[in-house]
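Have a look at the structure below before the remarks.
The values are calculated or read from the model by the stated rules, or taken from the named source; none is laboratory data. Note that the structure is a prediction, hence the values are computed from the model and not measured. Every residue, glycine among them, receives a Cβ derived from its backbone with ideal geometry; neighbour counts consider all protein chains shown. Accessible surface is based on the protein model in full, side chains and every heavy atom, while ligands, DNA and RNA are left aside. Shrake-Rupley method; radii C 1.70, N 1.55, O 1.52, S 1.80 Å.
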Amino acid sequence: MHRVLITGGAGFIGSHLCRRFLDEGSEVICMDNLLTGRLQNIEDLVGHERFVFIKHDVTNYIHVPGPVDAVLHFASPASPADFERLPIQILKVGALGTHKALGLAKDKRARFLLASTSECYGDPEINPQPESYWGNVNPIGIRGVYDEAKRFAEAMTMAYQRYHGIETRIVRIFNTYGPGMRIDDGRVIPNFFRQALKGEDLSVFGDGSQTRSINFVTDLVEGIYRLLNSDYALPVNIGNPIEMTVMEIAERILRITGSQSKIAYHGLPPDDPKVRRPDITIAREKLAWQPAVSPDEGLERTLPYFQAEVQRTRVD
Ligand code: UDP
């Protein structure tokens with residue numbers, strides 16, 4: 001891929017992708033409206049001769065001069081805390097933004113990769129979730145803005161593939177963590193790290209028995225890279241199949257930070273999925289991909305980043 005457009009390129013995952021494509025020798029156009037993305041995530045890339053940043057809201061027409069070989073559509077707020085705060089923006093970027101990004105891919109004859117999500121499965125009735133599962137989503141709930149936007153985005157992507165014949169890929173991303181997350185983004189891992197490092201109580205929602213499967217960002221990026229370069233045109237789950245309860249995540253973070261913080265119980269948000277675990281058979285078979293980083297190793301590699309963020313946000 002010579003020239004790659006990454007929407008949401010200043011976000012957590014987008015910025016890791018920018019770095020990966022620069023490392024592979026590509027020219028990277030990073031597009032972001034900085035709603036939840038941050039220049040801080042790409043400050044080391046600005047000035048790189050093969051990197052350009054364009055501040056743009058992709059719900060509006062996307063204009064990129066010159067050739068583009070791949071469009072990776074990663075723009076969207078993605079934390080449950082954003083679902084209440086930014087519901088219309090989330091629906092717009094999933095629907096209108098995906099349409100604009102697909103339109104650009106069609107125009108440029110570029111390959112298109114959609115960042116989709118395990119949220120397509122909603123509160124799943126089967127565990128683990130294979131790609132063939134259609135999901136259990138509440139369309140009018142608070143989480144519905146994200147789930148339905150991504151489900152629409154998948155439908156639109158498949159329509160462009162079938163009707164316009166463009167090459168498309170869909171990655172269903174399961175809970176991912178690592179350096180570059182906003183410390184106050186409201187998700188479980190930034191919250192627990194921040195609270196543990198500040199000696200505050202860890203906010204466990206519900207009784208903490210709900211499960212998640214947490215994947216380190218370098219493993220996700222590797223999966224996405226392989227998927228883009230594969231010939232597999234249906235959705236692929238990328239996540240770490242090691243499933244743990246939220247309470248276990250809290251315990252691991254307390255151990256890794258050496259914190260004396262206690263647990264404080266809060267109400268469970270509506271429609272919070274009770275279980276989540278990827279079936280990665282397709283990723284293994286079609287992409288020869290599986291996670292390489294264990295949860296403990298990934299959390300340890302993430303610790304210095306959050307330590308620095310706690311310091312930085314104190315100074316600010
Ligand atoms: N959660 C929690 N405490 C927090 C933030 C989240 O117990 O401070 C729980 C949340 O209810 C969910 C899980 O952790 O069951 C993962 O939440 P997150 O917001 O990271 O993303 P989700 O997987 O729900 O999209």
Filtered residues of segment 225-256 (kept if open to solvent by 30 Å² or more (accessible area, probe 1.4 Å), more than 14 Å from the ligand (Cβ to nearest atom), over 18 Å from Thr176 (Cβ atoms) and out of contact with any Asp or Glu (no Cβ under 8 Å at 6 or more places or on another chain)): Asn229, Asp231, Tyr232, Arg255
Which numbered condition Pro291 misses (of (1) within 14 Å of the ligand (Cβ to nearest atom); (2) in a loop (DSSP other than H, G, I, E, B)): (1)
Residues located in segment 298-316, provided they are in a helix (DSSP H, G or I) and open to solvent by 80 Å² or more (accessible area, probe 1.4 Å): Glu300, Arg301, Gln307, Gln311, Arg312, Arg314, Val315
Qualifying residue in segment 180-195 (condition: within 15 Å of the ligand (Cβ to nearest atom), in contact with a Gly (Cβ under 6 Å, 6 or more places away or on another chain) and not in a strand (DSSP E or B)): no
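Could you list, in sequence order, all residues of segment 249-291 that are among the small types (Gly, Ala, Ser) and within 24 Å of the chain's Cα centre (by Cα)? Talk me through it step by step, then tell me what you get.
The first filter runs over segment 249-291 and keeps only residues among the small types (Gly, Ala, Ser), leaving 250, 258-259, 261, 264, 267, 283, 288.
Once the filter is applied, which keeps residues that are among the small types (Gly, Ala, Ser) and within 24 Å of the chain's Cα centre (by Cα), segment 249-291 yields Ala250, Ala283, Ala288.
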Residue tally, condition more than 25 Å from Ile280 (Cβ to Cβ) and open to solvent by less than 10 Å² (accessible area, probe 1.4 Å), over segment 159-184: 0
All positions within segment 209-222 that are near the ligand (Cβ under 6 Å from one of its atoms) and either part of a loop (DSSP other than H, G, I, E, B) or surrounded by fewer than 22 Cβ atoms within 10 Å (Cβ to Cβ) (or both): Gln210
Cβ pairs under 6 Å, 6+ apart, first in segment 106-119 and among the basic types (Lys, Arg), second open to solvent by 10 Å² or more (accessible area, probe 1.4 Å): Lys106/His164; Lys106/Ile166; Arg111/Glu167
Residue that is part of a loop (DSSP other than H, G, I, E, B) and open to solvent by 30 Å² or more (accessible area, probe 1.4 Å), where the choices are Pro139, Pro124: Pro139
Breaking point among (1) surrounded by 18 or more Cβ atoms within 10 Å (Cβ to Cβ); (2) within 16 Å of the ligand (Cβ to nearest atom), for Leu102: (2)
Number of the exception - Asp82 against (1) open to solvent by 20 Å² or more (accessible area, probe 1.4 Å); (2) within 16 Å of the ligand (Cβ to nearest atom): (1)
Members of segment 34-44 that are surrounded by 20 or more Cβ atoms within 10 Å (Cβ to Cβ) and part of a loop (DSSP other than H, G, I, E, B): Thr36, Gly37
